[in-house]
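Novice: Take this structure, written in structure tokens, and hold onto it; I'll ask about it next.
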Amino acid sequence: MSEVTTTLDLRRVEAEATSKTTLGFWTYLMTDCVLFAALFAVYAVQHGNTFGGPDGYELFKLPYVLVETLVLLISSFTCGLALLALQKRDKTMVLTWLAVTFVLGAVFLGMELSEFHAMAAEGNSWRRSGFLSSYFTLVGTHGLHITIGLIWMAVAGTLAWKKGLTASIHKRLTLLGMFWHFLDVVWIFIFTVVYLFGSLHL
Amino acid sequence: MKKRRILLGIWLVVAVFLAVAGWYISRRSLPIFQPAGPVGHKELNLILFTLSLAAIVVIPTYAIAVIIAMRYREENHTKAKKRIKYDPDFDHSRLFEAIWWGIPIIIIGVLSVVTWNSTHTLDPYKPLASDKKPLTIQVVALDWKWLFIYPKQHVASVNLAEIPVGVPVDFHVTSDTIMNSFWVPALGGQIYAMPGMDTQLHEQADKAGSFMGSPANIAGHGFSRMDFTIKATSQDGFNAWVKQARHAPKQLDAAAYTALAKPSESVPVTYYADVKHDLYNDIVMKYMTPQSGTDQ
Amino acid sequence: MIGFATEWLGRLSWHAFPQATVTRGAAIGIVLGGLIVLALITYFHKWRWLWREWLTTQDPKRIGIMYIIVSVLMLLRAGSDALMMRAQQATSVGTHTGPFSPDTFQQVFSAHGTIMIFFVAMGLMFGLINLVLPQQLGNRDVAFPFMNALSFWLFTAGMLLINMSLVIGEFSAAGWLAYPPLSELKFSPGVGVDYWIWSLQIAGVGSLMSGINFLVTILKNRCKGMTMMKMPVFAWSVFGSMTLVAFSFPILTVALTLLYFDRTFGMHFFTAGGGGNAMMYVNLIWAWGHPEVYILVLPAFGVYSEIMATFSRKRLFGYTSMVWAVWGIVFLSFTVWLHHFFTMGAGADVNSVFGIATMLIAIPTGVKIFNWLFTMYRGRIRFTSHMVWFMGFVFLFVSGGVTGVMLAVPAIDFQVHNSLFLVAHFHTMVVTGVVFGYLAAISYWFPKITGFRLHDGLGKIVAWCWSVGFVLAFFPLYALGFMGATRRLDHYDASLGWQPLFIVAAIGALTIATGVVFQIVQLIVSIWQRNERRDITGDAWDGRTLEWSTPSPTPFYVFTKTPVVTERDQFWADKQAGTVQRGYEDILLPKNTGVPIVVGGLALLVGFGAIWHIWTLVVLGLLGIVMAIIVRAMNDEPEYILTAKEVERLENARKRKLKEVMA
């Protein structure tokens, strides 16, 4: 016959699972930090290797980049608003702010792609020099992360719309928020090290 | 008893084998153990010093391992003749920890100081102390041979470089292909040969002889067939060699260099009577700015 | 027509099939072998069983077994490469050119190194961690079972890709780390380096996921009462190793990606001209590469700790010291990468600092050795095959450590860098450290996995063959290094007198191969004799840690009730006190899912497309992966509950069956 028997406390199990997922995601973000750090290191080594071509001072348009940056920063803010609405379990506001964040993110991406396209059309593509290879890769990797974030946002938003604010969707949106803010922080570094320093001839 | 005899037999075989191997190796050329110059000598001394230092830890470690393994075997515990202590919870000792953290720290500490000093003394970029004027040789790693340019003597050679005994040699090394490494074990040390970069190696031969040179970084198809020779002779011998090279039929102008740079293996020793001015510099610099045919 | 061809075939053509006899033979062998396996599975109608029990499983014990099977197959593959290399170098002297052309030889040694590190050592390690770690922590599973399965299938996709290079195309001839400019398009125009890049990239993503997974497992999946300092030392070593994985694998991802960009999109990260910097690659790849070797060896050290304590019937000496040593090694391993290229000309100050940092690692490593020896001290040592592995390790690894300290002195390194002395050194560390450890581990935990022990007498022969074979195969290389022999040569002059030493090395390699043959014999004999070798209690070796408290083979639910821990080596303490932890509880288990294997397959297609420039395949593959993830995300019920009653029923059935087998 059975001795000590215990039944599953699903609430506790759920809380433990959320705690694990959150820790796991933070760990992933740390590894992403290392990834970006390596790309920054590459950029630092190569930012002067213009191989006779243009450098950042000649290529970067600071006002344009400033607008890009503001768009992304505001999107981070609206993402925060979405998460606040999530705490209040206000489904409509969550979806609204999420949609605004998505639009702003898409605008950021569009601006970035447009900048890339313009540079490439002039002949200053990633093939031109080591400097440009590292520039396109560093900024482009950030853009790739933004794209993944947008896909994630669309899927999570659709699921939230269809199924409501379940515990699992709550968890996913929180992680998405972490991801989006992380990308914002990385962008601050990119803005400073690549665009600002570049334009100041540092 | 039979087990012991088998074991003894095995140790005997091992001992004989090691003796034969040791005898064989001692009869061969071990350029690292038979250095021909001051750099090689210092490096050998470092090897022997480090080995000795390591032996201080390693020999007792081996002894302890053998003693403990033999003594505390299960069979010994059941044999009444030995009183072997069994202490299943003995799992820490401040004294032991102090010893095996402490002694290695001291040894590594000593070795660290020696490392700092020797790395600076034996820095390949550091010119050797000498009252003689150094000889400059520019080395270009190609696919799959080594070009030696003597800028002051206005000669060049492939796969063989002569140097005078007792004179410090400033090697400047680059590559016009992939990353390779310029290694002459008997003289001591090596330095990477990289396109667009100019690295340095300072050497000197203190006795005459022919010394093997080896490429020391995987370089493609012909990697195994690009060994070279550094030959050290008397000053007169060297002068004669230079003179002989100046009578070579070919000159290393731009066209000749382009032809030479094309992939080839097992290239025989070749001489060039004159070298295009600043050829080495051009080879290094051509990777720095856009030029036709170098973008890749 | 041409447009269609490039759309769907990229740069694939009939010329992709191997031309050289040896490669052609190997390719045919692999394809035939694979087809035979598929035919057998079909003949015995095992597809459904395979899919249900293995291909869609999220059980870490099953995943662990699959890792080990793949790794052992790859050991045979890369081991054959080694035999080929020894054959070449023993015969290609003077006027003879040996059995292989330079091209083939260079691909063989590149494949040997790459496969051994990525698909043998990493695979064995992840397999063992899957099998052992959860149970040692008193739990049933890792933190993220889905990601665990995904990691395995990505690992397998990488393995398939690298073996595909034998059949379609060629492999890299640029060594296991593919330094540019040699690995750039200009000097390696074929697909070889791309195969190298993509098999590592895909497997690397799997490894990174495993790193995160096992880290969270250790931090969050310990049973009640198991504080960090009550964990087994194996768990600590895994913790250290996975930390290294998390911090170093992203660097590999970057290095591989940038090299691919150079080769495919005409970028200039590492090219000789265009503003590229090949030295930057060397730095990036070794910033990953050095931690990688510690990733491999730390769990092996953990294995030795477990084996020592069990077979000496004694507590592990210096637990706290061992934990500090692990973290010392973890920290230091990030500070030494430059010692792999002292000869690149970084200058005396930089070289000295890295040299000194490198020698410092000898200290915590030495501490571990002494802690193990003093675990044996005043113990009651049973000299099973596991202890033979350990003794071989002690003598050989320490000698390798000495050569390591020598190499750490830059001025010494200038003489032996890239020579066979270096090759002998790192093989000593990896073979006697990592491989001996993992082979001993497989033998140690074999009863836990299968329910019966391996034949120990044969196991001792195996360990001796490997140890003696290792000495014969690699000690001549130390001498050859001093004789001026550089590594990776496919031919050398007769006058150098190197050949006899290469012949001895070849005999050594054959001795190791004999050891492998004995391993296969051992397995067959043990399976044949499994009823006599059965492990009835689950505690095959009178062990100390929690995994020995479960039955052998471990049922899929592992513990009927997760244990409660109050001290280190709780199981040993329970045995001394005569108590047994029992009880039944409801268990939440993950359901099987086909998404991981599907994603693995799609990743394989993406890799193949990226190699052959079949961009449609790449795009479709990536889209497929995104969709698979979305499908998974929409799965609201990925788990099921196994009630306590059901567990009790299964447990009773298991005990009944065991009685029948033993009768």
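Novice: For the range B:184-200: of the residues being more than 7 Å from chain C (Cβ to nearest Cβ) and within 17 Å of the chain's Cα centre (by Cα), which is nearest to A:GLY130 (Cα to Cα)?
Specialist: B:ALA193
Novice: While we're here: Can C:THR566 be described as β-branched (Val, Ile, Thr), open to solvent by less than 40 Å² (accessible area, probe 1.4 Å) and in contact (Cβ under 8 Å) with a residue 60 or more places away in the chain?
Specialist: Considered against the rule, which asks whether it is β-branched (Val, Ile, Thr), open to solvent by less than 40 Å² (accessible area, probe 1.4 Å) and in contact (Cβ under 8 Å) with a residue 60 or more places away in the chain, C:THR566 comes out as no.
Novice: Name every residue in the range C:516-559 that is under 30 Å from C:LYS230 (Cβ atoms), open to solvent by 30 Å² or more (accessible area, probe 1.4 Å) and part of a helix (DSSP H, G or I), in order of residue number.
Specialist: C:SER549
Novice: With the range C:23-125 as the region, which helices (runs of 4 or more DSSP H) entirely inside it contain at least 1 residues that are under 20 Å from the mean Cα position of the chain (by Cα)?
Specialist: Hits in the range C:23-125: C:60-91, C:102-115.
Novice: In the range A:124-142, which residues are more than 9 Å from chain C (Cβ to nearest Cβ) and buried (at least 18 other Cβ atoms within 10 Å of the Cβ)?
Specialist: A:ASN124, A:TYR135, A:LEU138, A:VAL139, A:HIS142
Novice: Which condition breaks for C:GLN19 when tested against (1) of a type in the set (S, T, N, Q); (2) outside any helix (DSSP H, G or I); (3) within 26 Å of the chain's Cα centre (by Cα)?
Specialist: The one condition C:GLN19 does not meet is (3).
Novice: Quick check, is C:MET147 surrounded by fewer than 24 Cβ atoms within 10 Å (Cβ to Cβ) and closer than 30 Å to C:LEU589 by Cα?
Specialist: Against the criterion (surrounded by fewer than 24 Cβ atoms within 10 Å (Cβ to Cβ) and closer than 30 Å to C:LEU589 by Cα), C:MET147 qualifies.
Novice: Restricting the search to the range C:472-512, which residues are surrounded by fewer than 24 Cβ atoms within 10 Å (Cβ to Cβ) and polar (S, T, N, Q)?
Specialist: Those that are surrounded by fewer than 24 Cβ atoms within 10 Å (Cβ to Cβ) and polar (S, T, N, Q): C:SER495, C:GLN499, C:THR511.
Novice: A follow-up question, please. Quick one: C:VAL326 ticks every box in (1) under 30 Å from C:GLU567 (Cα atoms); (2) open to solvent by 10 Å² or more (accessible area, probe 1.4 Å) bar one, so which box is it?
Specialist: Failed condition: (2).
Novice: With respect to C:ALA246, is the statement that it is open to solvent by less than 10 Å² (accessible area, probe 1.4 Å), more than 7 Å from chain A (Cβ to nearest Cβ) and in contact with a Gly (Cβ under 9 Å, 6 or more places away or on another chain) true? Before you say what the answer is, go through the steps one by one.
Specialist: Numbers: open to solvent by less than 10 Å² (accessible area, probe 1.4 Å): yes; more than 7 Å from chain A (Cβ to nearest Cβ): no; in contact with a Gly (Cβ under 9 Å, 6 or more places away or on another chain): yes.
For C:ALA246, the condition - open to solvent by less than 10 Å² (accessible area, probe 1.4 Å), more than 7 Å from chain A (Cβ to nearest Cβ) and in contact with a Gly (Cβ under 9 Å, 6 or more places away or on another chain) - is not met.
Novice: Within the range C:293-325, which residues are in contact (Cβ under 8 Å) with a residue 60 or more places away in the chain and within 8 Å of chain B (Cβ to nearest Cβ)?
Specialist: C:SER312, C:ARG313, C:LYS314, C:ARG315, C:LEU316, C:PHE317, C:TYR319, C:THR320
Novice: Quick one: which helices (runs of 4 or more DSSP H) lie wholly within the range C:357-446 and hold at least 2 residues that are under 19 Å from C:VAL330 (Cα atoms)?
Specialist: C:362-376, C:385-408
Novice: Would it be correct to say that C:ALA121 is more than 30 Å from C:GLU639 (Cα to Cα), in contact with an Asp or Glu (Cβ under 6 Å, 6 or more places away or on another chain), buried (at least 24 other Cβ atoms within 10 Å of the Cβ) and touching a residue at least 24 places away in the same chain (Cβ under 8 Å)? Show your work before the answer.
Specialist: On the way: more than 30 Å from C:GLU639 (Cα to Cα): yes; in contact with an Asp or Glu (Cβ under 6 Å, 6 or more places away or on another chain): no; buried (at least 24 other Cβ atoms within 10 Å of the Cβ): yes; touching a residue at least 24 places away in the same chain (Cβ under 8 Å): yes.
In short, no.
Novice: Ok, one more. For the range B:63-77, indicate whether the set of residues that are among the β-branched types (Val, Ile, Thr), outside the structural domain of B:VAL173 (by TED's automatic domain parsing) and closer than 20 Å to C:HIS339 by Cα is non-empty.
Specialist: no
Novice: Would you please list the contacts, defined by Cβ atoms under 6 Å and residues six or more apart or on different chains, that run from a residue in the range C:399-411 that is open to solvent by less than 10 Å² (accessible area, probe 1.4 Å) to a residue that is not in a helix (DSSP H, G or I)?
Specialist: C:ALA411/B:LEU122
Novice: Consider only pairs whose beta carbons are under 9 Å apart and that are at least six residues apart or on different chains; among these, list those whose first residue lies in the range C:236-256 and is in contact (Cβ under 8 Å) with a residue 40 or more places away in the chain and whose second residue is open to solvent by 10 Å² or more (accessible area, probe 1.4 Å) and not in a helix (DSSP H, G or I).
Specialist: C:LEU244/C:PHE334; C:PHE247/C:PHE334; C:SER248/C:PHE334
Novice: Any idea which residue in the range B:214-240 is farthest from B:VAL267 (Cα to Cα), counting only those that are more than 9 Å from chain C (Cβ to nearest Cβ) and in a strand (DSSP E or B)?
Specialist: As a first pass, look at the range B:214-240 and keep what is more than 9 Å from chain C (Cβ to nearest Cβ): B:226, B:228-240.
From what's left, in a strand (DSSP E or B): B:228-233.
Working: B:PHE228: 10, B:THR229: 12, B:ILE230: 15, B:LYS231: 17, B:ALA232: 21, B:THR233: 23 Å.
By that ranking, first place goes to B:THR233.
Novice: Could you list, in sequence order, all residues of the range C:165-193 that are of a type in the set (A, V, I, L, M, F, W, C) and at pLDDT below 95?
Specialist: C:LEU166, C:VAL167, C:ILE168
The values are calculated or read from the model by the stated rules, or taken from the named source; none is laboratory data. Keep in mind it's a predicted model, so treat the numbers as computed, not measured. When we count neighbours, we look across all protein chains shown, and the Cβ atoms used for this are built from the backbone with ideal geometry, even at glycine. With ligands, DNA and RNA removed, areas are computed over all heavy atoms of the protein, side chains included. Shrake-Rupley method; radii C 1.70, N 1.55, O 1.52, S 1.80 Å.
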